[in-house]
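Taking it in order: structure first as structure tokens, then the write-up.
The values are calculated or read from the model by the stated rules, or taken from the named source; none is laboratory data. No experiment lies behind these values; they were computed from the predicted model shown. Virtual Cβ from ideal backbone geometry, glycine too; neighbours counted across all protein chains shown. Accessible surface areas use protein heavy atoms only, side chains included; no ligands, DNA or RNA. Shrake-Rupley method; radii C 1.70, N 1.55, O 1.52, S 1.80 Å.
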Amino acid sequence: MKVTMHVNGRQVSGEAEGRTLLSAFLREELGLTGTHIGCDTSQCGACTVHVDGKQVKSCTMFAAEAEGAEITTIEGMANADGSLSAIQQAFQDYHGLQCGFCTPGMVMAAAALLEEIPQPTEAQIRHHLDGNICRCTGYHNIVKAIQAASGQPVAVAAE
Amino acid sequence: MYNFDFVKPSTVEEAVAALADDEAQPLSGGQTLIPTMKQRLNAPETLVSLLGIEALKGVTVGGDSVTIGAATTHATVAKELAEAYPALAALAGNIGDPAVRNRGTIGGSLANNDPAACYPAAALASGATVVTNRREIPADAYFEGMFATALEEGEIITRVTFPIPDAAAYVKFEQPASRFALAGVFVAKFADGVRVAITGASEEGVFRWSEAEEALSGNFSAEAVSGLSLDPDGMMADLHGSAEYRAHLAKVLTGRAVTAAG
Ligand SMILES: Cc1cc2nc3c(=O)[nH]c(=O)nc-3n(C[C@H](O)[C@H](O)[C@H](O)COP(=O)(O)OP(=O)(O)OC[C@H]3O[C@@H](n4cnc5c(N)ncnc54)[C@H](O)[C@@H]3O)c2cc1C
Ligand code: FES
Ligand code: FES
């Protein structure tokens, strides 16, 4: 079947079967490989995107369910001039990534959090990241990056 | 995953007609169904999405009850019932993670009746009514054991009505990897008595602990249950906890839930 949606502000169409996952549609049909597939079992959050402004795991939603929806992926997060968004820049400044595999999902989760709670506490940040797994950083620098991106003071300054 | 036809009706009648086919199955948030389809534990020929049906969505607050449409997400319940039924809102706000809460729905959770799911405990302890396209089912007659419910072939949940207790709380001890309950206890105090429902513990799925209900109806305090014990016989045992551990945990959590309900 043909599926049409708005991805990062542009209308796109592509072919999908019933069983085509949104993650596969974004990566294989649209070539947007910034959305990562870590587990494909709804556990890791690497595939997190926004559907109509809400954070979801794109490996646990069918492409057909996104017909007509507004989708934002990591490719849509940079500023209009191509520079990194505040959240992305903070991940770089505060060493919020090592291998970077989880980072697209972390950034999308962080963006959804700051949309809802502009100045979250550390506990709120950690609770919100419940579904995003990082095997490298130990999370501390991810939490700091999100605190920094929200304009809050961060315990240890970046080097 | 095996392929299937995807349909998205906009009314309950159309959905029920599409589900008349033996090989068709409803799809709500997909947070349980999609993972089981990936594992080929489930292979419907047609998936009937319920999320295009506006009549199945949303929350209505009445004087002494709240009604939740079957296709209402956990995130919506967490947000919109924070004042009317805070214990239920808090339960919804702690299911899984934000992405799961943005897709997963109460209807899917109650239809699935996972033995470690949260909503079954709330429905049973509140004495909720599960409304389907055919009838109204009291919670006491709805849950029929692990993954089993009173729902018949082709029957779909349309909404759930929860009486609002005078005091209530849900306490779950999370299995840290899945975030499901290793044991979870929902305590609800009404004018005519206390109801206690336990999830995550029994091989029979969610159940009411009548001994604790009796003790708490006389004296609504954690001490009232401290001397009681649950029989480990029939409790689930796995690498996360033995039957004895779960029986003990459920009792401890009952006390904590009573204290939290205040
Ligand atoms: C990472 C993760 C963590 C989770 N943690 C928790 C947790 O802590 N606590 C918890 O309780 N749950 C948890 N869940 C499960 C989650 O709450 C699911 O959303 C829920 O169990 C199923 O709801 P759904 O809307 O996604 O249903 P679906 O997956 O769409 O459907 C589930 C089943 O119900 C049937 N169905 C759906 N809607 C209806 C209806 N209206 N009438 C009849 N049948 C219907 C479907 O055919 C299917 O068999 C978790 C899930 C994930 C992926
Ligand atoms: S790839 Fe979707 S949650 Fe891991
Ligand atoms: S940076 Fe490697 S998994 Fe998070």
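What to note about this one:
- Residue count, region A:126-142 (criterion: more than 11 Å from ligand 3 (Cβ to nearest atom) and surrounded by fewer than 21 Cβ atoms within 10 Å (Cβ to Cβ)): 4
- Annotation: A:Met106 fulfils all but one of (1) within 16 Å of ligand 3 (Cβ to nearest atom); (2) open to solvent by 20 Å² or more (accessible area, probe 1.4 Å); the unmet one is (2).
- Among the residues here, B:Arg179 qualifies as open to solvent by less than 40 Å² (accessible area, probe 1.4 Å), in contact (Cβ under 8 Å) with a residue 40 or more places away in the chain, within 11 Å of ligand 1 (Cβ to nearest atom) and not assigned by TED's automatic domain parsing to the domain that holds B:Leu81.
- A:Cys102 meets all of the listed conditions (1) within 16 Å of ligand 2 (Cβ to nearest atom); (2) farther than 23 Å from A:Val56 by Cβ but one, namely (2).
- Qualifying residue in region A:69-77 (condition: without any contact (Cβ under 8 Å) to a residue 24 or more places away in the chain, open to solvent by 20 Å² or more (accessible area, probe 1.4 Å) and farther than 29 Å from B:Asn3 by Cβ): no
- Looking only at region B:18-38, and only at residues there that are assigned to a loop (DSSP other than H, G, I, E, B) and in contact (Cβ under 8 Å) with a residue 60 or more places away in the chain, the one that is nearest to ligand 3 (Cβ to nearest atom): B:Gln31
- Residues in region B:147-194 that are closer than 16 Å to B:Pro120 by Cα, at pLDDT below 95 and part of a loop (DSSP other than H, G, I, E, B): B:Arg179, B:Phe180.
- Candidate set from region A:27-42 (those that are within 6 Å of ligand 2 (Cβ to nearest atom) and facing chain B (nearest Cβ under 8 Å)); member that is least open to solvent (accessible area, probe 1.4 Å): A:Ser42
- Residue in region B:154-165 that is open to solvent by less than 10 Å² (accessible area, probe 1.4 Å), within 25 Å of B:Leu239 (Cβ to Cβ) and in contact (Cβ under 8 Å) with a residue 60 or more places away in the chain present: no
- Residues that are open to solvent by less than 10 Å² (accessible area, probe 1.4 Å) and at negative phi do not occur anywhere in region B:57-64.
- Among residues of region B:204-225 that are under 18 Å from B:Leu249 (Cβ atoms) and touching a residue at least 24 places away in the same chain (Cβ under 8 Å), those with a beta-carbon under 6 Å from a residue that is open to solvent by 50 Å² or more (accessible area, probe 1.4 Å) and among the β-branched types (Val, Ile, Thr) at least six positions away or on a different chain give the pairs B:Ala222/B:Thr259.
- Being closer than 24 Å to A:Val56 by Cβ and modelled with pLDDT under 95 is not true of B:Arg103.
- Filter pass, B:Pro165 being out of contact with any Phe, Trp or Tyr (no Cβ under 8 Å at 6 or more places or on another chain), more than 24 Å from B:Pro44 (Cβ to Cβ) and not basic (Lys, Arg): no
- If the condition is being in contact with a Gly (Cβ under 7 Å, 6 or more places away or on another chain) and within 14 Å of chain B (Cβ to nearest Cβ), then region A:107-145 contributes A:Ala109, A:Gly131, A:Asn132, A:Ile133.
- Scope region B:198-228; condition assigned to a loop (DSSP other than H, G, I, E, B) and within 22 Å of B:Pro120 (Cα to Cα); matching residues: B:Gly200, B:Ala201, B:Glu203, B:Glu204, B:Gly205, B:Val206, B:Trp209
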